[in-house]
Amino acid sequence: MPVKIRLARRGKKGYPFYHIVVADSRAPRDGKFIENIGSYNPNTNPATINLDFEKALDWLQKGAQPTDTCRAILSYKGVLMKKHLLGGVSKGAFTQEAAEAKFAQWLEQKAGKISAKESKLSSDKAAAVKARLEEEKKVKEAKEKALEAKRAEAAAAQAAAEAEAAAEEAASQEEAPAAEEPAAEA
C-alpha cells in the first residue's frame with residue numbers, strides 16, 4: 001500500500017485551511033486517511049503551520065512519500081533535515097550528538113530568519129500606516145488651502161460688489177440733484 005503525506009482541504013470557499021494527513025495514495029483528497037499529523041493555514045502571513053514533528057519523522061522513516069507542497073512544509077519545519085541527519089548517523093558519518101548539534105544550529109538559524117521576516121512585515125505595516133497618514137495630511141492641507149483661497153476670493157468678490165454698489169449709489173445721488181436743478185430753472 002503506497003502511503004502519502006499530503007494536504008486535505010478544509011475551510012470555506014476562497015479561504016482554504018488544510019490538514020496534513022498520512023493517507024493511502026488511492027484514497028480521495030478529502031477522504032479516508034490513516035493519521036492527521038498537523039495543519040497548514042496559508043491565509044496568514046507568514047503561513048501558520050502546526051505539525052507533530054515526531055509523527056511526521058516516523059512516517060517518513062517508514063517510507064511515506066510527501067507531495068510537493070508537503071515536502072516544502074516538512075522542509076520548512078526541519079523534518080527532512082532531521083531525517084537526513086539520522087541517515088548520516090545510521091551510516092556512521094557522524095555521531096548522534098553531532099547530529100543533534102547540527103540540527104539545533106539549523107533550528108536557531110531558521111528561527112532567526114523567521115523572526116527577521118516577522119519584524120520586517122510589522123515594520124513595513126507600520127511604515128505603510130505612517131505613509132497613509134502623511135498622504136491624508138497632505139490632502140487635508142491641500143483642501144484647506146483651496147477652501148481658504150475660495151473664501152478669500154468670495155470675500156474679494158463681496159468687497160468688490162460692495163464697492164460697486166457704493167459707487168452706483170454715489171453716482172445715483174450725484175445724478176439725482178443734477179436732475180432736480182434743471183427742473184427748477186424751467
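If we scan segment 134-144, do we find a residue that is closer than 30 Å to TYR76 by Cα, part of a helix (DSSP H, G or I) and without any contact (Cβ under 8 Å) to a residue 40 or more places away in the chain?
Checked segment 134-144: no residue is closer than 30 Å to TYR76 by Cα, part of a helix (DSSP H, G or I) and without any contact (Cβ under 8 Å) to a residue 40 or more places away in the chain.
Quick check on LEU121: is it surrounded by 10 or more Cβ atoms within 10 Å (Cβ to Cβ), touching a Gly at 6+ places or on another chain (Cβ under 7 Å) and part of a helix (DSSP H, G or I)? So that I can check it myself, show each step before the final result.
Details: surrounded by 10 or more Cβ atoms within 10 Å (Cβ to Cβ): yes; touching a Gly at 6+ places or on another chain (Cβ under 7 Å): no; part of a helix (DSSP H, G or I): yes.
No.
TYR18 - would you say it is in a strand (DSSP E or B) and touching a Leu at 6+ places or on another chain (Cβ under 6 Å)?
yes
Hey, does segment 164-183 have a residue that's under 30 Å from LEU57 (Cβ atoms) and open to solvent by 80 Å² or more (accessible area, probe 1.4 Å)?
No: zero hits.
Of all residues in segment 102-118, which are open to solvent by 60 Å² or more (accessible area, probe 1.4 Å) and at pLDDT 90 or above?
LYS102, GLN105, LEU107, GLU108, GLN109
Just the residues that are surrounded by 12 or more Cβ atoms within 10 Å (Cβ to Cβ), in contact (Cβ under 8 Å) with a residue 40 or more places away in the chain and under 29 Å from the mean Cα position of the chain (by Cα), please, taken from segment 9-66.
Hit for segment 9-66 is ILE20, nothing else.
Among the candidates THR95, THR69, which residue alone is under 26 Å from LYS117 (Cα atoms) and either open to solvent by 50 Å² or more (accessible area, probe 1.4 Å) or of a type in the set (Gly, Ala, Ser) (or both)? Talk me through it step by step, then tell me what you get.
Details: THR95 fails: under 26 Å from LYS117 (Cα atoms).
Just a single option satisfies the conditions, and that option is THR69.
The values are calculated or read from the model by the stated rules, or taken from the named source; none is laboratory data. Not measured: the values here are computed from a predicted model. Because the Cβ atoms are built from the backbone with ideal geometry, glycine has one as well, and the counts that use them run over all protein chains shown. To get the accessible areas, we keep the full protein, side chains included, count just its heavy atoms, and leave off ligands, DNA and RNA. Shrake-Rupley method; radii C 1.70, N 1.55, O 1.52, S 1.80 Å.
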